[in-house]
Amino acid sequence: MPDYNFLDSLVSQVRRDILRMVHKVNSGHPGGSLGCTEFLVALYNEIMQIKEGFDMNGENEDLFFLSNGHISPVLYSVLARKGYFPVEELQTFRLIDSRLQGHPTTHEGLPGVRISSGSLGQGLSVAIGAALSKKLNRDDKTVFVLMGDGELQEGQNWEAIMYAAANKVDNLIATVDLNGKQIDGATDDVLPMGNIAEKFAAFGWEVILLKEGNDLKSIIETLKLAQTKTRKGQPIVIIMHTEMGNGVDYMMHTHAWHGKAPNDEQLEVALAQNPETLGDY
């Protein structure tokens, strides 16, 4: 049974980390990071089977790939709070010579980072490769990947989507963060994609809808459902409806905070809405 008190506390603390990281350097992407906080907290603390320490080969453990790498603040916070590296290192976010660059890179050697994901639209292809490697190695663990809805406008995704179904990559669970917003506005205004769930289904994927993508209980139940559908001949995708900027009232219901940091006054307001629970770095 999940410890929702702890998970809720962790969500609040991760939000604080995100806000403080981007504020310090006056740059970064708080909106999508806040929108995916509950998902990554649930994934790393309730769902994935992971080993102590970090091994890039990832044998006999579940793997996660972040495709929409601009939401690195939430990944860094969740990894640090899980023990992959010292929480204090979060204060080096986006600084010169830091391992915590604005978009994650593998050559920085940061534990937990498995893909350089500055360029959008590539993470699914990498995750498929990792999933196929596990099949070849008779490794029964699962590969997870998170993508943004805006990045599905990149064509490489659809080659990968077609490939995964054709080759029955059924040890893969992809999640699409469907918040309907991207850097320049609503996805429907920039480049409408229609019904994403129907598109995946037409390509031969098993599709699961998650309407409450900022609710921990719904996320955990949906991910566990997805796990029961693996290894049955189809790749799995969760279409997860989230709110960009979730947890900070003035960042919600707008695309404005896709890539903008709060000023001093705005940070104070945001932190007041997300109490310190596990200790600020």
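How big is the dipole moment of segment 4-272 about its Cα centre under a simple scheme where the beta carbon of each Lys and Arg is +1, that of each Asp and Glu is -1, and everything else is neutral? Debye, nearest 20, please. Don't jump to the answer; show the numbers that get you there.
On the way: 24 positive and 34 negative charges, 131 e Å.
Approximately 620 debye in magnitude.
Tally Lys and Arg at +1 and Asp and Glu at -1 over the other residues with C-beta under 13 Å from the C-beta of residue 103: what net charge comes out?
Taking every other residue near residue 103 into account, the sum is 0.
Identify all lysines with a Cα-Cα distance to residue 224 below 30 Å; exclude those on the same chain that are fewer than 8 residues away in sequence.
Within reach: 51, 82, 134, 135, 141, 168, 181, 199, 211, 232.
How compact and how long is segment 96-225, expressed as Rg and Dmax of its alpha-carbon atoms in Å?
My reading of the Cα-based Rg and Dmax gives 15.7, 45 Å.
Add +1 for every Lys or Arg and -1 for every Asp or Glu among the other residues with Cβ under 14 Å from the Cβ of residue 231, and state the total. Present the calculation step by step, with values, prior to reporting the outcome.
Numbers: positive: 134, 135, 138, 141, 168, 229, 232; negative: 62, 139, 140, 170, 206.
Neighbourhood net charge equals +2.
Given the C-alpha centroids of segment 186-232 and segment 118-137, what is the distance between them in whole angstrom?
18 Å
Around residue 222, with a cut-off of 14 angstrom between Cβ atoms, what is the net charge of the other residues, counting Lys and Arg +1 and Asp and Glu -1? Please report the intermediate quantities before stating the final value.
Numbers: positive: 211, 217, 224, 229; negative: 38, 46, 177, 206, 212, 215, 221.
Its environment carries a net charge of -3.
Evaluate Rg over Rh across the chain, taking Cα atoms for both radii and Kirkwood's formula for Rh. List each step's numbers first, then the result.
Working: Rg = 17.6 Å, Rh = 18.7 Å.
The Rg/Rh ratio comes out at 0.94.
Enter the angle in degrees (range 0 to 90, nearest 10) between the Cα long axis of helix 155-166 and the first principal axis of the Cα atoms of the chain, meaning the one along which they spread out most.
40 degrees
So which chymotrypsin sites (Phe, Trp or Tyr not before Pro) in segment 92-164 are both in a DSSP loop and have at most 11 other Cβ atoms within 10 Å of their Cβ?
none
Taking only the alpha carbons of segment 161-237, what extent do you get along each of the three principal axes, in Å, biggest first?
38, 31, 17
Quick note: the coordinates plus some simple rules give every number you see, no bench work behind them. Note that the coordinates shown come from a computational prediction; the quantities given were computed from them, not determined experimentally. No Cβ is skipped: glycine too gets one built from the backbone with ideal geometry, and neighbour counts run over all protein chains shown.
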